[in-house]
Number of protein chains: 2
Amino acid sequence: MAKKSKPQEPVPVTQPLTELLRLPAGPVDLGTLDPAATTGFAGSKADAPALTAALQPELSDLQERLYATGRAGLPGARRVLLVLQGMDTAGKGGVLRHAIGMVDPQGVRIKAFKAPTAEERRHPYLWRVERELPPPGIIGVFDRSHYEDVLNVRVNRLVEEAVWSTRYEEINAWEADLVASGTVLVKCFLHISSATQKERLAARLDDPTKYWKYNPGDVDERAKWLAYAEAYEAVLERCSTQVAPWFVIPSDRKWFRNWAVAQLLVEHLRSLDLQWPPADFDVEAEKRRLALT
Amino acid sequence: MAKKSKPQEPVPVTQPLTELLRLPAGPVDLGTLDPAATTGFAGSKADAPALTAALQPELSDLQERLYATGRAGLPGARRVLLVLQGMDTAGKGGVLRHAIGMVDPQGVRIKAFKAPTAEERRHPYLWRVERELPPPGIIGVFDRSHYEDVLNVRVNRLVEEAVWSTRYEEINAWEADLVASGTVLVKCFLHISSATQKERLAARLDDPTKYWKYNPGDVDERAKWLAYAEAYEAVLERCSTQVAPWFVIPSDRKWFRNWAVAQLLVEHLRSLDLQWPPADFDVEAEKRRLALT
């Protein structure tokens, strides 16, 4: 699926990624989704850094408009929540660094969800997630999320099936409320192949500057690849709704993955038709007051 | 003081900004510190974007090493805290966007201190600041800080002089503890002229895309310029210590300001001689385990 053409000039996306990468309804078989695809990308690997950087001015403008509506306290101010999920080494960190790193850090709140703390365990699983929702005008990014409660929790049998199996519908209802109350939810599954994961783990073991990224537990989790794939298929099939669809980001190629998430974010922000907040003061009167100082 | 030379190639800083911009001991008169200076910058305005961007690779490498030591839980893992203070429009937001924006957002925690909440008011003034200190491996950035408790609080007489006047020594003792326990503290005063502030406020009133940045209260605060200048002079004179000096960043020129803060951050990180954490597992054994998967 990777396009081989090398255009001399950056070519704009002709069909939005919000359509191209949106998971269609129906049964999901990860084996049929190509993790090395470069869907919608009009160029080759060599074009990727320039095409990704070319998104920055618009991303920057849109994010500032979003931020402005939040700061101005406009009643309709939106929130954006980008959810990143994927197998180990799929590149959540890379997306944060290269795509989210293009956004003014004042307008971004990143939350990485780890194993729940003792306090978090005393609450329903959505409690800690609810607390981390972005305020109006802010782009929140979840590095892992409530989906771990039907992924890691399911695969490692941390609760009984009778418990986790009810969560898909709960999550759908919770996300529908979130969207109804003005949050733009962008759920990205970073899809890699098992072979790519093996390569990336091997690279960490081959390079002393990457030892810190490696954990022996990664190999233990890798041994559960099929169980994780099954759990992801259930998530994608049952929790890709009309109001909160999943986007499948082919992530074997890092350069495509980073571009695609940035492009998806731009498309979502663009669709909000964000306007600069009007003055809530008398502009001419303020000019006169300032002139007197 | 602005250098007029236009070198064809980016020229490295010959003397560190940690020396050039470090406030010397002794009485401080803001009137004698040129807010339009470009101290240590080997180039002109046109060179600034390239010279600033040229810092990114080293900044990125140093930040990742810092982050790695924190993630690896090394006992000596350092924390970095950048404190940004300055009059309204001095450019704290611009520094966050353009200098801190060059750093991987996963390794940065930005905290903007506003008027204290009801809960914060029930605690000593350093309580809310203490809670926002960066964890090991992280670069914390304070957009305003505990210094507001001897700036805004002093100028607007929010507590009695008998209260605020004891705070300088308290702050010095608190910061000395912070540094002794492994935090690298980089305190930047963004220094602008009164004329520059007036221009920047006027620009916000002239441009509908900037109305949201303007608040009529800004003119009220501007009327207290001299009182603020006096309060800043007291801060700079009394709280620039051997272990936690103030750096005065001439900030009338935005391009110099952004470069200077990024350069200062690089110099501080460089001085830590950050090493990649060693493997805390058997590398060869892990390679064999991975190969079997």
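Rule-based calculations on the coordinates, nothing more; no lab input. The structure presented is a predicted model; accordingly, all values stated were derived computationally and were not measured. Here Cβ is always computed from backbone atoms with ideal geometry, including for glycine, and neighbour counts include all displayed protein chains.
Worth a mention:
- Taken over the range B:31-291, the alpha-carbon convex hull comes to 173 cubic angstrom per residue.
- Sorted shortest first, the separations between the A:Glu130 label point and its copies elsewhere in the assembly read 3.1 nm; each point sits 7 Å from Cα along the Cα-to-Cβ line.
- For A:Gly76, inter-copy separations between label points set 7 Å beyond Cα along the Cβ vector come to 5.7 nm, shortest first.
- Measuring from each Cβ of chain A to the axis carrying A onto B, the nearest residue and its distance in whole Å come out as A:Pro105, 3.
- Centroid-to-centroid, using Cα positions, the range B:219-293 and the range B:156-201 are 16 Å apart.
- B:Asn172 paired with B:Ala229, simple spin-label distance in nm, labels 7 Å along Cα-to-beta-carbon: 2.5
- Average Cα contact separation per residue, the range A:17-291, under 8 Å, 6 or more apart, as relative contact order %: 35
- Inter-copy separations for A:Ser44, label at 7 Å along Cα-Cβ, nm, ascending: 4.0
- Charge context of B:Glu132, other residues only, Cβ under 10 angstrom, K/R +1, D/E -1: +3
- Inverting the pair-averaged 1/r between distinct Cα atoms of the protein assembly as shown gives 26.1 Å as its Kirkwood hydrodynamic radius.
- The angle between the Cα long axis of helix A:225-238 and the main principal axis of chain A comes to about 50°, on a 0 to 90 degree scale.
- Chain A: angle of helix A:194-206 to the longest principal axis, Cα-based, in degrees nearest 10: 80
- Charge-dipole axis of chain B as Lys and Arg at +1 and Asp and Glu at -1 on Cβ define it, positive-most pick from B:Val108, B:Trp246, B:Pro49: B:Pro49
- Checked against a 29 Å cut-off, the cross-linked pairs A:Lys198/B:Lys111; A:Lys213/B:Lys111; A:Lys213/B:Lys45; A:Lys92/B:Lys254; A:Lys92/A:Lys224 give Cα-Cα distances beyond that limit for A:Lys198/B:Lys111; A:Lys213/B:Lys45; A:Lys92/B:Lys254.
- Qualifying trypsin sites (Lys or Arg not before Pro) for the range A:151-238 [loop in DSSP, other Cβ within 10 Å: at most 10]: A:Arg157
- Fraction of C-alpha pairs exceeding 16 angstrom in the range B:93-138: 51 percent, rounded to a whole number.
- Cross-link reach list, aspartates and glutamates versus A:Lys210, counting only Cα pairs under 18 Å and skipping chain neighbours closer than eight places: A:Asp88, A:Glu199, A:Asp218, B:Glu58, B:Asp61, B:Glu64, B:Asp104, B:Asp273, B:Asp280, B:Asp282, B:Glu284, B:Glu286
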